[in-house]
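Engineer: Below: one structure in structure tokens.
The values are calculated or read from the model by the stated rules, or taken from the named source; none is laboratory data. Remember, it's a predicted structure, so these values are computed and weren't measured experimentally. Glycine also receives a Cβ, built like all others from the backbone with ideal geometry; neighbour counts cover every protein chain displayed.
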Amino acid sequence: MSSIREVIKKRILVLDGAMGTMLQRYNFTEADFRGDRFKDYPTALKGNNDLLSLTQPNAIADVHRKYFEAGADIVETNTFSGTTIAMADYDMEDLVYELNFESAKIAKYVATEFTNKNPEKPRFVAGSIGPTNRTASLSPDVNRPEFRAVTFDELRIAYKQQVEALIDGGVDLLLVETIFDTLNAKAALFAIEEVKEEQNIDIPIMVSGTITDASGRTLSGQTVEAFLTSISHVPLLSVGFNCALGAKQLQPYLKRLSSQTDFYTSAHPNAGLPNAFGEYDQTPEEMKNLIEAYLKDDLINIIGGCCGTNPEHIKAIAQVVKNYKPRQIKQLA
């Protein structure tokens with residue numbers, strides 16, 4: 001099978017869409033989240049989507065399958081909150097290794113199934129590494145600006161456990177995503193480099209930040225250029241943006257990013273901006289047309305969807321990318 005490093009030179013790769021959007025369609029109850037194994041667990045578990053890899057594995061596999069059927073080249077593991085730091089909300093820190101390992105196995109099983117059907121279009125699994133629910137750069141208490149809810153070392157240790165489990169489960173690459181605080185991301189990248197060195201492996205890494213609003217900055221205050229500078233010491237496969245903004249709002253920041261880096265670039269925007277009810281109304285056709293503007297401007301190598309996107313959005317995107325060549329990396333002076 002061709003590696004992702006080989007395939008990305010030849011064509012634009014399509015990433016999957018939102019996992020949460022798809023899981024909402026199942027209307028899982030508290031009992032569904034618990035399954036038999038956790039039926040007497042003392043904590044409320046509804047909303048812990050990562051847990052569904054253990055209690056509803058067929059549903060997770062089905063979501064991956066739908067995205068591959070829609071034309072995705074890469075699916076993300078169901079591990080966005082797969083650290084001890086995020087799982088502390090559910091008193092499930094002890095399950096972190098198993099959650100990541102099993103999520104990776106499920107995604108890899110489905111990816112292999114599709115690759116075997118069509119070896120000319122190999123399918124890949126990205127281990128999803130979310131930002132956690134704490135920030136290393138900012139205080140959560142306005143009255144104590146010096147206070148931090150988490151340290152760099154605590155993040156590094158938590159991320160390292162997640163990374164080891166994802167790799168053991170068979171992921172093809174790692175995706176450090178939805179970065180609102182680059183210090184958190186640097187802890188994740190440090191952990192990944194530790195694991196790479198210890199295991200003597202060279203797994204590709206995607207990094208995807210989040211521009212939170214029209215200020216054009218991450219939540220921790222970095223511009224596009226500052227964010228890029230902060231993470232460019234690591235040998236990355238790609239750098240890009242996801243979440244917070246729709247495709248239209250994200251375009252100017254992608255332009256700045258793609259002109260400043262010799263990494264491959266990625267984007268997985270939301271399906272527009274949320275309406276008054278927090279729902280996403282952008283149709284697959286509308287999103288496809290906005291994504292086509294990226295392609296015409298030669299901005300991206302990997303494209304997918306975030307909040308509000310589903311297989312219909314990914315199918316529309318996959319159809320339009322076939323008509324365009326991938327962004328060519330220009331060696332910067």
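Engineer: Which of the residues spanning region 115-136 are among the aliphatic types (A, V, I, L, M) and modelled with pLDDT of 95 or more?
Structural biologist: Val125, Ala126, Ile129
Engineer: Which of (1) of a type in the set (A, V, I, L, M, F, W, C); (2) closer than 19 Å to His268 by Cβ; (3) not in a strand (DSSP E or B) does Val176 not meet, given it meets every other one?
Structural biologist: (3)
Engineer: Additional query: Tell me, which strands (runs of 3 or more DSSP E) lie completely within region 198-310 with 3 or more residues that are free of Cβ contacts under 8 Å to residues at least 12 places away in the same chain?
Structural biologist: Because the criterion is at least 3 residues that are free of Cβ contacts under 8 Å to residues at least 12 places away in the same chain, no strands (runs of 3 or more DSSP E) in region 198-310 meet it.
Engineer: Just one of Arg144, Arg134, Arg148 is in a loop (DSSP other than H, G, I, E, B) and buried (at least 19 other Cβ atoms within 10 Å of the Cβ); which is it?
Structural biologist: Arg134
Engineer: Now, a different point. Considering only region 1-56, state which residues are touching a helix residue (DSSP H, G or I) at 6+ places or on another chain (Cβ under 7 Å) and within 18 Å of Pro204 (Cα to Cα).
Structural biologist: Residues satisfying the conditions are Met1, Ile12, Leu13, Val14, Asp16.
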